[in-house]
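A short worksheet on the structure shown next.
The values are calculated or read from the model by the stated rules, or taken from the named source; none is laboratory data. As the structure is a prediction and not an experimental result, all values here were calculated from the model. Glycine also receives a Cβ, built like all others from the backbone with ideal geometry; neighbour counts cover every protein chain displayed. All accessible areas refer to the heavy atoms of the entire protein, side chains included, with ligands and DNA or RNA removed. Shrake-Rupley method; radii C 1.70, N 1.55, O 1.52, S 1.80 Å.
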Amino acid sequence: MIIRSSLRAAFLALTLGGAFLGGGCSRRSAPAAAAAAPAQVLRMGNSAEPQDLDPQTVQGVPELNIVLALFDSLVEADPHDLHPVPGQAESWEISPDGLTYTFHLRAGLSWSNGEPLTADDFIQSYRRILAPAFAAEYSYLFYYVKGAKEFNEGTLTDFAQVGFRAPDARTLVVSLKQPTPFLLKEIACHYAWDAVPVKTIARFGPLEQKGSHWTRAGNLVSSGPFQLKDWTPNKRIIVVRNPHYWDAGRVRLDQIEFYPIDDQNVEERMFRTGQLDLTYDFLPNKLDAYRRDHPDELRVDPWLGIYYYNFNVTRPPFTDARVRRAFALAVDREELVRDVMRGGQTPAYAVSYPGVSGYAPRARLEGGVAEARRLLAEAGYPEGRGLPPIELLYNPNQEYNRSVAEAIQAMWRKNLGVAVALTNQEWKVYLDSMQTGHYQIARAGWIADYADPNVFLEIYATGNGNNYTKWSNPEYDRLLHQALLATDESARYACYQQMDAILVRECPVIPLFYYTKTYAKKPSVQGWWPTLLDEHPYKYVYIQN
Amino acid sequence: MLRYVLRRLLEAIPVMLVIITGTFFMQRFVPGGPFTAEKAVTPEVQRNLEAYYHLNDPLWKQYVDYLWDLTPKRFHPLALTDGLDLKEAFGIDFRPSFKYPNRTVNEIIADKLPVSLELGMISLGVALVIGLPLGILAAVRRNSWIDYICSSVAMTGICVPTFVLGPVLVLGFAIHLGWFNASGWYGPIDRVLPSLTLGSVYAAYIARLTRGGFLEVLNQDFIRTARAKGASESRVIFRHALRGGLLPVVSFLGPAVAGILTGSFVIETIFQIPGLGREFVNSAFNRDYTLILGTVILYAGFIIVLNLVVDVVQVWMNPKLKFE
């Protein structure tokens, strides 16, 4: 998942008088608008105006939050820990070789306009997302399916040869190229796998046209617990209960309102006046005030994401693993989390998130400053002498990126005797620098799309588009491949253990800390549990008055 | 005068062309593009995307195609009353936005411009209602305590930026007193704080300029003559001095109105107003090529037209000037 962040947020966070309003939070009665609202309405801050609401074209978290309300999936996520539970499919079978998934759809599934929802809708949806002309960013998620990559690249033109079949209206068969042990988790948490109402879409233009008017209020037909009622750009999106949803009886909210507020100061003020029940994000400088005055409204949830620094391993001195490891060891993560971040984050001593799907990496960056100094000397730079000028690149979207960079700069100076210069670049310039390799050390972050160790580890495979370090290790690639072929989880996790060990030894990246999701929530919002992916199935949520 | 206006409008065409050309090419040379995201897309997907948006055509061809889409092809100004659709009215097509694929730039402008216009008009009203009397009062009672108070208020208004004033007003009136929403753009009551914030800055400038303009005029011979003829003080001010005293304000208002009408990024962000100012700034961060061009062209158009209006008004107000 992309961390939606933009310069404006940073720019405004810095400027919009956070300092003026910081500290005490007095509580007053909410203005009329809030008091008059009906009981079962959830009003959420949602960061940014969604690009679109087509589950096959959107990518960001704000879009995800809305799409989750509108579209249902074959397999849903449990509201407590997101493990796959039956959704549109009431049951499924996996062949012993792990290559064939057969989903049995519930009887009587229908779209919000009452039209039946059948297995063929899935097939037509997957044909759409894989069509080369449609250019869907998330098409690669289907590359595990037989023939999907070839079809998406245009080398295969007959969709019948892609591994999707619908023997009858209620059965969907997916044939894979290789066992993909995390497939169900991905389907449960990733909307790209949701069926879209192809018949409705076709009424508004060619299926392969992005951004036809089918996603507008009044046109959009959904399959999830809610349907779209109103979409006023940059103002709000309102969804209301969908009576045709198969589990409509469980849905308790009448309405959800999403507010695209891109400034955290504004969001917090709206929360205080009662205009919002939930914020999207939270200002680090207000954490202490809320902890003191309104601990019941502050939420700090674990979040399946890691904050780290990339090394460009093609540029000296970071071609040498010893130097990389020295830099990684010379960072005091406890201090970073305690004094700089202050949001309950967990220090990261390895890449994989500890405890995701029952996996915890045994490998750990160990040895501390003494080992770091020894390694640096061994590499030929005792006390940092002889090192070329080094630059650390970050993006100032979040204020804490700068604080973290400054703290680490000081740690390297103190612990290694190395002077590192800091450079910041505007978001897209920074991404471009990182993607084209114009950097030495760069800040990075990664939030998981689904809860499985594979999400973090697959990045460092040779040739992975997100491996901006250019690091490559044949043994690592072999292990990743072997893990995907493994049919039982312990064999797969054994491969991951070895991969984590390689990452800690070679240090193409410096793991710094695992994210937490901080936000404010009115205590009246119930049925909202901390989940590692910050996904909260809305059908369980309700307002307790 | 008609000839003068026509000539100025003709002169605007090459100006616009330079602005469009400059913007078109400059944005392409900035690192990153509309599809640059934290999560890299695969090369196949990248190729598909570029083909979909015709970004793989040679740059000159994209430029020529874009210019053709912009060229007015019809003239139905009455269509504008039915929503601000420039395509319907003049055949000007700003194309779909890259960032928001299901909206065209024409639509975004048609949606957002009226909001910015509304906010701008009210703020301008606030600015004039506060600024003019303050400035006139200060000039008439020059170097008295009234002048000092008016000038200090104006100076404070100039010095306190909107990103401070806005949150302070919200803190006081929305959070502590509970009279308003903290942010939002729903009912008429939501217009109060934003227009007060935006208007007060312009009020401050207007007060300063009015005071300066009036002081200059009040020292002139024709004012002394008017007084010598026994004209009352109010007649001297409103009948004789007003026109000349407001000249600096009018020249300031041209570009100021263009700015105020196309929206204020800061105000719109503080108060969550769905106006054009945020689109203008965010389009650049998003590398939304078509939206950048659309808003720049609109803004440039406003400045050109409003400067022309200012010039015409100045000739009317200042007998020393002629259309030439």
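Name the residue that is surrounded by the fewest Cβ atoms within 10 Å (Cβ to Cβ), counting only residues in segment B:38-78 that are acidic (Asp, Glu) and within 14 Å of another protein chain (Cβ to nearest Cβ).
Checking each candidate, the answer is B:50.
Out of (1) farther than 29 Å from residue A:77 by Cβ; (2) free of Cβ contacts under 8 Å to residues at least 60 places away in the same chain, what's the single condition that is false for residue A:355?
The number of the failed condition is (1).
For segment A:403-503, give me every one of the helices (runs of 4 or more DSSP H) that falls completely inside it and has 3 or more residues that are touching a Leu at 6+ places or on another chain (Cβ under 7 Å).
In segment A:403-503, A:427-435 are the helices (runs of 4 or more DSSP H) which contain 3 or more residues that are touching a Leu at 6+ places or on another chain (Cβ under 7 Å).
Tally up the residues in segment B:282-303 that are open to solvent by 40 Å² or more (accessible area, probe 1.4 Å) and over 11 Å from residue B:23 (Cβ atoms), please.
Qualifying residue count for the region: 3.
Being more than 14 Å from chain A (Cβ to nearest Cβ), in contact with a helix residue (DSSP H, G or I) (Cβ under 9 Å, 6 or more places away or on another chain) and either on the phi > 0 side of the Ramachandran plot or among the aliphatic types (A, V, I, L, M) (or both) is the filter here, so list the residues in segment B:3-37 that pass it.
Matches in segment B:3-37: B:5, B:9, B:12, B:15, B:16, B:17, B:19, B:20.
Among the helices (runs of 4 or more DSSP H) lying completely within segment A:228-331, list those that include at least 2 residues that are within 24 Å of the chain's Cα centre (by Cα).
Passing ranges, in order: A:264-272.
Residue check: is residue A:222 hydroxyl-bearing (Ser, Thr, Tyr), assigned to a loop (DSSP other than H, G, I, E, B) and touching a residue at least 12 places away in the same chain (Cβ under 8 Å)?
So residue A:222 passes the test.
Evaluate segment B:160-169: report whether one residue or more is touching a Pro at 6+ places or on another chain (Cβ under 8 Å), assigned to a helix (DSSP H, G or I), within 14 Å of chain A (Cβ to nearest Cβ) and in contact (Cβ under 8 Å) with a residue 60 or more places away in the chain.
Within segment B:160-169, one or more residues are touching a Pro at 6+ places or on another chain (Cβ under 8 Å), assigned to a helix (DSSP H, G or I), within 14 Å of chain A (Cβ to nearest Cβ) and in contact (Cβ under 8 Å) with a residue 60 or more places away in the chain.
Residue by residue, here is whether (1) of a type in the set (A, V, I, L, M, F, W, C); (2) within 9 Å of chain A (Cβ to nearest Cβ); (3) open to solvent by less than 70 Å² (accessible area, probe 1.4 Å); (4) outside any helix (DSSP H, G or I) holds:
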residue: B:178; (1), (2), (3), (4): no, yes, yes, yes
residue: B:182; (1), (2), (3), (4): yes, yes, yes, yes
residue: B:193; (1), (2), (3), (4): yes, no, yes, no
residue: B:201; (1), (2), (3), (4): yes, no, yes, no
residue: B:207; (1), (2), (3), (4): yes, no, yes, no
residue: B:210; (1), (2), (3), (4): no, no, yes, no
residue: B:215; (1), (2), (3), (4): yes, no, yes, no
residue: B:223; (1), (2), (3), (4): yes, no, yes, no
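How many residues are touching a strand residue (DSSP E or B) at 6+ places or on another chain (Cβ under 9 Å) and assigned to a helix (DSSP H, G or I) when one looks only at segment B:266-293?
1
Which of the numbered conditions does residue A:184 fail, given that it passes all the others? Conditions: (1) closer than 19 Å to residue A:101 by Cα; (2) within 14 Å of chain B (Cβ to nearest Cβ); (3) touching a residue at least 60 places away in the same chain (Cβ under 8 Å); (4) open to solvent by 10 Å² or more (accessible area, probe 1.4 Å).
All conditions pass for residue A:184, except number (2).
So residue B:298 clears everything in (1) within 13 Å of the chain's Cα centre (by Cα); (2) within 14 Å of chain A (Cβ to nearest Cβ) except one condition, right? Which one?
(2)
Residue under question is residue A:283, and the condition is that it be in the same structural domain as residue A:534 (by TED's automatic domain parsing), open to solvent by 10 Å² or more (accessible area, probe 1.4 Å) and touching a residue at least 60 places away in the same chain (Cβ under 8 Å); does it hold?
No; evaluated as a whole, the condition is false for this residue.
Would you mind telling me which numbered condition in (1) open to solvent by less than 20 Å² (accessible area, probe 1.4 Å); (2) more than 11 Å from every other protein chain (Cβ to nearest Cβ) residue B:307 fails?
(1)
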